[in-house]
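Student: I am attaching a structure below and will ask some questions about it afterwards.
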Amino acid sequence: MPDIKPQVYKDDRPASYFDQFHAAARNGVGWTYTFVRILVSLPSLLLYRVRAIGVENVPKAGPLLLAPNHFSQMDHFFIGLYLRRQIRFMAKSQMFGPPLLTYIYKHGGVFPVRRGHHDEEAFKTAFSILEQDGMLLVYAEGGRSRSGEMGEPKPGIGRIALETGVPVVPVAIYGSAKVRRWKRFRFPKVTVQFGEPVSFPLERGASRERQLEAATEVFGRVREMYEGLVTRSGRRASRRSSDRARA
């Protein structure tokens, strides 16, 4: 994939630089969230033909953790398209820097996690959002898969689930791995499936192994839904091929 930039796994900027973004995220979401949502919704619907399955599985109120797989920078827009509730996002700190995007992130519900560091501040922000009955999105794999295949879960989402006891909705996103082809005017069809919520008994101070167990359980449901979407897509493609052959 020559058009993908190399990954940068450590952010050497001081932790104090990111305090402003944590403070903003803990205070809520501004008008920027609604503006960007309106701006992105139309192309998402028309170009990527995004459809959602199981939206009724997402509680309409109360603290909630969304746990999706992650292939594209557009995934957060695809997930929020059919949800009326505002989503807060945990994102890698390297995204913060360019002035316009940084303004959008700061006022649009995005807060950083410093990759390459033990970033306790990111978890404090996550807990604060959930204590306010917010809906938080944390990618189960801890970052974007660049291989086109699903990765492995990281313990972070397991820690949040165990230390808060909030419901976790597994989310499978299919089709977004090919979103980068838009430069060639090839727009994949994207499907987002929301699974039934799963909850864990409150378990503060859980070991890393236990956190990973919880994350693996959640991501197992994500993987199951994703594989179902792959199978359905293959069947539809096979039917279309059969129809063309008969025509």
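Student: Under 5 Å between amide H atoms, partner at least 5 residues away or on a different chain: which partners does I53 have, H built in plane at 1.01 Å?
Tutor: Under 5 Å from the amide H of I53: V192, Q193, F194.
Student: Here's a follow-up. Could you pull out every residue, at least 5 positions away or on a different chain, whose amide H is within less than 5 Å of the one on G165? Hs are placed 1.01 Å off N in the peptide plane, and Pro or chain starts have none.
Tutor: E203
Student: Which value, in Å to one decimal place, does the Kirkwood hydrodynamic radius take for region 60-157 when every pair of different Cα atoms is included?
Tutor: 14.1
Student: For the chain, with a Gaussian network of springs between Cα atoms less than 10 Å apart, report the residue from Q73, Q211, Q86 with the top mean-square fluctuation.
Tutor: Top of the fluctuation ranking is Q73.
Student: Quick check on region 1-83: what are the equivalent-ellipsoid semi-axes from the Cα gyration tensor, as sqrt(5λ), descending, whole Å?
Tutor: On the way: eigenvalues 133, 91, 41 Å².
One finds semi-axes of 26, 21, 14 Å for region 1-83.
Student: Taking all protein chains as present, what is the carbon and sulfur share of the accessible area of region 27-90, in % to the nearest whole number, probe 1.4 Å? Please report the intermediate quantities before stating the final value.
Tutor: Numbers: 2020 of 3120 Å².
Exposed carbon and sulfur together represent 65 percent of the surface.
Student: What's the angle, to the nearest 10 degrees (0 to 90), between helix 208-246's Cα axis and the longest principal axis of the chain?
Tutor: 20
Student: Still on this model: Once phi is turned into ³J(HN,Hα) by the Karplus curve 6.51 cos²θ - 1.76 cosθ + 1.60 with θ = phi - 60°, what whole-Hz value does each residue of region 32-47 show in order, with x for glycine and proline?
Tutor: Here the 3J(HN,Hα) series is 4, 4, 5, 4, 5, 4, 4, 5, 8, 4, 4, x, 5, 6, 7, 8 Hz.
Student: Further question on the same structure: Can you tell me the 0 to 90 degree angle between the C-alpha axis of helix 120-131 and the longest principal axis of the chain, rounded to 10?
Tutor: Once rounded, one gets 80 degrees.
Student: Got a number for carbon plus sulfur as a percent of region 97-178's accessible area, 1.4 Å probe?
Tutor: Numbers: 1710 of 3090 Å².
In region 97-178, the share of accessible area belonging to carbon and sulfur is 55 percent.
Student: Scan around V113 for amide H atoms under 5 Å from its own, H built in the peptide plane at 1.01 Å from N, and keep only partners 5 or more places away or cross-chain.
Tutor: Here the answer is A91, K92, S93, since their amide H atoms fall under 5 Å of that of V113.
Student: Can you tell me the relative contact order of the chain? Whole percent, Cα pairs under 8 Å, sequence separation 6 or more.
Tutor: On the way: 415 pairs, mean separation 62.8, N = 247.
Relative contact order of the chain: 25 percent.
Student: From the phi of every residue in region 97-113, what ³J(HN,Hα) in whole Hz does the Karplus formula 6.51 cos²θ - 1.76 cosθ + 1.60 yield, where θ is phi - 60° and glycine or proline is x?
Tutor: These are the phi-based 3J(HN,Hα) values: x, x, x, 5, 5, 5, 4, 4, 4, 4, 9, x, x, 9, 10, x, 10 Hz.
Student: Where does region 87-232 land on the Kirkwood hydrodynamic radius, alpha-carbon pairs, in angstrom?
Tutor: Details: mean 1/r = 0.0607 Å⁻¹.
When all Cα pairs of region 87-232 are included, the Kirkwood radius is 16.5 Å.
Student: Let me ask you something else. Pick from H117, H76, H22: which residue has the top mean-square fluctuation in a GNM of the chain where Cα pairs under 10 Å get a spring?
Tutor: Of H117, H76, H22, the Gaussian network model singles out H117 as fluctuating most.
Student: Still on this structure, please answer the following. For the chain, with every protein chain kept in place, what is the accessible area per residue (1.4 Å probe, Å²)? Mind dumping the intermediate values first?
Tutor: Working: 12960 Å² over 247 residues.
That works out to 52 Å² per residue.
The values are calculated or read from the model by the stated rules, or taken from the named source; none is laboratory data. As the structure is a prediction and not an experimental result, all values here were calculated from the model. The area values use the complete protein model at the heavy-atom level, side chains included, leaving out ligands, DNA and RNA. Shrake-Rupley method; radii C 1.70, N 1.55, O 1.52, S 1.80 Å.
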